[in-house]
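Notes follow the structure.
The values are calculated or read from the model by the stated rules, or taken from the named source; none is laboratory data. Only a predicted model underlies this, so the values are computations on that prediction, with no experimental measurement involved. Positions of Cβ are backbone-derived with ideal geometry, glycine not excepted, and every protein chain shown enters the neighbour counts.
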Amino acid sequence: MSNQSFPPTLVLDEVFEYFPKSLELYGTVAGEYPVYSNDTIVKTTLDWMSKSNSTKQIMDPIKEGIEKRTIMIGFTNPSVFSFIKRRFTRGVNKVTRNWFDFNLFGVSIGSTLGLYAKSDGRIAILLDPSVDIFGRSITSIPSTLTHEMCHKAAHDKTKDYLNLMMKPLLYPFFKKFWFMMDNRTATHKMEKLIDAITTVTTRVEGSTSRTLIRDVVWSWFRFLESCGIKKEDVEIDVQKALLPIFLLVWEEDFDADPELKKKVWEWASYFYAAYDFIGVDAEHSIVGQEIVFTSEILCIANQNEPSSQAIQLINKLSF
């Protein structure tokens, strides 16, 4: 059975359990984004999660989070009439425009939007504005939740995350990425690259993270210099590495000329090459944030069917 299919028990009648009726406010994410849900949606989701390849082996923290309403599945508006209207207009709301910053991790898979806020540790799976209640979009709920659980695990259990994922994922990913960017990094020392990955992760995503972009720049700068690359070339390499996150993820324009934008797409392709190198299909993912948020590699690699290491890491979470 495909990971993106409904379990056999989720027949058409049960799909309609996700229709926004009799909703109540379950809570907010980052103190800003409201989530409206009901007991039927919660029960249907838990039953589905227990059968999905994305979530069936991480059910203990999922159940705890849902029971405490620190994991919420629902809508951003309690009105069924608003839902129907927006199904036809397909408007983009505030949540989908501001889906990503230093505190709020977001991913849109299908028409399902997942959010994880470092500030309050909460996760939300938002089904509007364009959820398809006939099954073509809400099939992404389990993989979206697993994606956000990976972000939370990297933040809450940073040391475990780095210990478990450095050799199978993080080190080979960045080894390939930086080689694609500048083949002079082929002479790098493993411990220097591991140190850079560790520093970026700890400064940006660790429990005491300071979220300063200069820390990211300085960490990669030192790594490239350790490869014997001269300072002016290092500056160019770091700029190339960071431009995709600004242009493709944060949607900053920079008033860039067409030729520069073409080059940014080329530099973004190095992230896809790095995913290919570790055996991960990232074809439908927006890449670029990995250079700042290393946990995105963990998320994309494990959102559809988590590895044994990812399962071990996520099951350490408590809500």
May I ask you to list the residues in region 1-48 that are farther than 25 Å from N304 by Cβ, at pLDDT below 80 and assigned to a helix (DSSP H, G or I)? D13, F16
Give just the number: which of (1) at pLDDT 85 or above; (2) not in a helix (DSSP H, G or I) does D255 not satisfy? (1)
Using the structure shown, decide if K51 is surrounded by fewer than 18 Cβ atoms within 10 Å (Cβ to Cβ), within 18 Å of T112 (Cβ to Cβ) and out of contact with any helix residue (DSSP H, G or I) (no Cβ under 8 Å at 6 or more places or on another chain). yes
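Conditions tested, residue by residue: (1) assigned by TED's automatic domain parsing to the domain that holds Y272; (2) under 18 Å from the mean Cα position of the chain (by Cα); (3) over 17 Å from T294 (Cα atoms); (4) in a helix (DSSP H, G or I).
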site: N163; (1), (2), (3), (4): yes, no, no, yes
site: P168; (1), (2), (3), (4): yes, no, no, yes
site: Y171; (1), (2), (3), (4): yes, no, no, yes
site: D195; (1), (2), (3), (4): yes, no, no, yes
site: T202; (1), (2), (3), (4): yes, yes, no, yes
site: W220; (1), (2), (3), (4): yes, no, no, yes
site: I229; (1), (2), (3), (4): yes, no, yes, no
site: I236; (1), (2), (3), (4): yes, no, yes, yes
site: L248; (1), (2), (3), (4): yes, yes, no, yes
If you take the residues of region 272-300 that are out of contact with any helix residue (DSSP H, G or I) (no Cβ under 6 Å at 6 or more places or on another chain) and part of a helix (DSSP H, G or I), which of them is farthest from G114 (Cα to Cα)? D276
Helices (runs of 4 or more DSSP H) contained entirely in region 67-161, each with at least 1 residues that are in the same structural domain as D39 (by TED's automatic domain parsing) and modelled with pLDDT of 75 or more: 141-156
